[in-house]
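The values are calculated or read from the model by the stated rules, or taken from the named source; none is laboratory data. Fair warning: this is a prediction, and the values are worked out from it, not measured in the lab. So basically every Cβ, Gly included, is an ideal-geometry build from the backbone, and we count neighbours across all protein chains shown. Ligands, DNA and RNA are stripped out before the accessible areas are found, and what is left, the full protein with its side chains, is counted by its heavy atoms. Shrake-Rupley method; radii C 1.70, N 1.55, O 1.52, S 1.80 Å.
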Amino acid sequence: MQVVYPRCCGLDVHKRSVVACLRIQEEGKPPVAEVRTFSSMSADLLVLHDWLLAHRVTHVAMESTGVYWKPVYNILEDTFTVFLVNAAHMKAVPGRKTDVRDSEWIADLLAHGLLRGSFIPPEPIRDLRDLTRYRKSLTDERVREVNRLHKLLESSNIKLASVATDVMGASGRAMMQALLEGSADPEVLASLARGRLRNKLPELRQALEGRFRDHHRFMLEQILGHLDFLDEMIAKISEEVVNRTVPFAKTIELLSTIPGVERKAAEVIISEIGLDMGRFPTDAHLASWAGLCPGNNESAGKHKSGRIRKGNRWLRRTLLESAWGASKSKDTYLSSQYHRLAARRGKKKAVVAVAHSIIVVVYNMIKHQKPYQELGADYLAKLNAIHVKYHHVKRLKTLGFKVILEPLENAA
């Protein structure tokens, strides 16, 4: 087999150690391999760097093992071409498995050009990715804390969530603050309602008549304190994200014109895929990387489950949320696509299809720096005009109508 990289190295990365197999093959000579083990501390990783540099290594490959690959990548990325490889793509033959054999196997695959590196964005995008992912984690924690608040109120016989749409709104917070201060009179608590909630005062008085004890008061104080802390943290991170995305302001503005894609969603999309679409040969490759295309599972000529494959879960989640938002937009192509598919395939499959359309649009907008072009809600109907005509004629005939079609005089 042809050797693509004559001077390369395979790394088996662990939490405390890195096993490196240096593979050198001179023309007309058998390959020479040297294996060394290094600590994962920065000082030892610099020794690894100098060792590879001294042997004129050009390419390095390692498994994407948790977060343990990141210190190694940080040291080597500026000097060598580093392949971060999915472990599933290079499983060795089972049996007699050791760290040394793993590193040798990685080096052998790399030398023959059989490894495909994972997508690693540049450092500014990686930093932005850390911020957006952390913000999402805090947002998820806030949702869990609000659910705990609902359970606490229910356990104290206060049915505020049954009347108020948002317990954490201005009215709900005022009532809970009054509960913390010792007020338990339903009349007093209901009088704190604001806006349209005042139209439900009789229901509120009944909902606020509970068994609120000192135990509930203590728990409520802790939960509200945690929620305030999370709100403050999310606001700080969002402010930092805005500052970090100043160089990408034009692209974020473009992406925000897609139905269902708001600014935060655009920030997440940029942080996950970057701005260099050259890393993805086509929009289909990007959709596959995001986990928004059908899986390919065929055996003995039979197609099995085509459920979507695992991909970038942060990007996929954001795109699915945007797809749900797009499905509720009016007079848009994406909304029309959702409703057409939901009637035949169900809502979940329809929203995945819309998310796939969004990532295809995102790819082309970033690549060509062109604004979103709305096709219109009737685009699919116009595209399949003959099919639509016969479909509706057939439906009317099944209902017992005689159908005669005549073109309009002013029709194009």
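Entry note, region 25-110: relative contact order of 29 percent, from Cα contacts under 8 Å with a spacing of 6+ residues.
Of all aspartates and glutamates in the structure, the ones whose alpha carbon falls short of 15 Å from that of Lys328, not counting any fewer than 8 places away in one chain, are Glu262. Our coupling estimate for region 118-123, obtained by passing each phi through the Karplus curve with A = 6.51, B = -1.76, C = 1.60 and θ = phi - 60°, is 6, 6, 10, x, x, 4 Hz, Gly and Pro reported as x. Taking 20 Å as the straight-line reach from the Cα of Lys70, the lysines in range (excluding those fewer than 8 positions away in the same chain) are Lys15.
If you take all other residues with their beta carbon under 11 Å from the beta carbon of Ser118, and give Lys and Arg +1 and Asp and Glu -1, the sum is +1.
Amide H contacts for Ile308 (H built 1.01 Å from N in the peptide plane; partners 5 or more residues away or on another chain; cut-off under 5 Å): Gly295.
For the chain, a crude dipole built from +1 on the beta carbon of Lys and Arg and -1 on the beta carbon of Asp and Glu, taken about the Cα centre, is about 2080 debye to the nearest 20. Could you tell me which of rounded, prolate or oblate describes region 296-412, using a ≥ b ≥ c as the square roots of the eigenvalues of the alpha-carbon gyration tensor, with rounded for a/c under 1.5 and, failing that, prolate when a/b is larger than b/c and oblate otherwise? Cα axes put region 296-412 in the oblate bin. With each label modelled as a point 7 angstrom along the Cα→C-beta vector, the Ile386-Trp51 pair spans 6.9 nm. Go ahead and run the numbers for FRET between Leu399 and Asp378, Cβ-Cβ distance against an R0 of 25 Å, rounding to 0.05. The formula returns an efficiency of 0.60 here. Taking the Cβ-Cβ separation of Asn74 and Val32 as r and a Förster radius of 25 Å, what is the calculated FRET efficiency to the nearest 0.05? With a Förster radius of 25 Å, E is 0.30.
Which percent of the accessible heavy-atom area of the chain goes to carbon and sulfur, probe 1.4 angstrom? List each step's numbers first, then the result.
Details: 13030 of 24540 Å².
Solvent-exposed carbon and sulfur of the chain make up 53 percent of the total.
Residues within the reach of a label modelled at Ser155 (point 7 angstrom out along Cα to beta-carbon, backbone nitrogen below 11 Å), restricted to region 202-237, are 215-220. What the Cβ-Cβ distance of Thr58 and Thr282 gives, at R0 = 25 Å and to the nearest 0.05, is a FRET efficiency of 0.35.
For Lys310 and Glu262 in the same chain, what is the full-extension length gain: residue separation times 0.36 nm, less their Cα-Cα distance, in nm?
14.8 nm
The residue among Val188, Ala284, His226 whose Cα reaches farthest toward the positive pole of the charge dipole of region 182-290, with charges on the beta-carbon of Lys, Arg, Asp and Glu, is Val188. Given the choices [x] 26.5; [y] 21.9; [z] 33.6, mean projected area of the Cα convex hull in nm² derived from the coordinates of this structure is entry [z].
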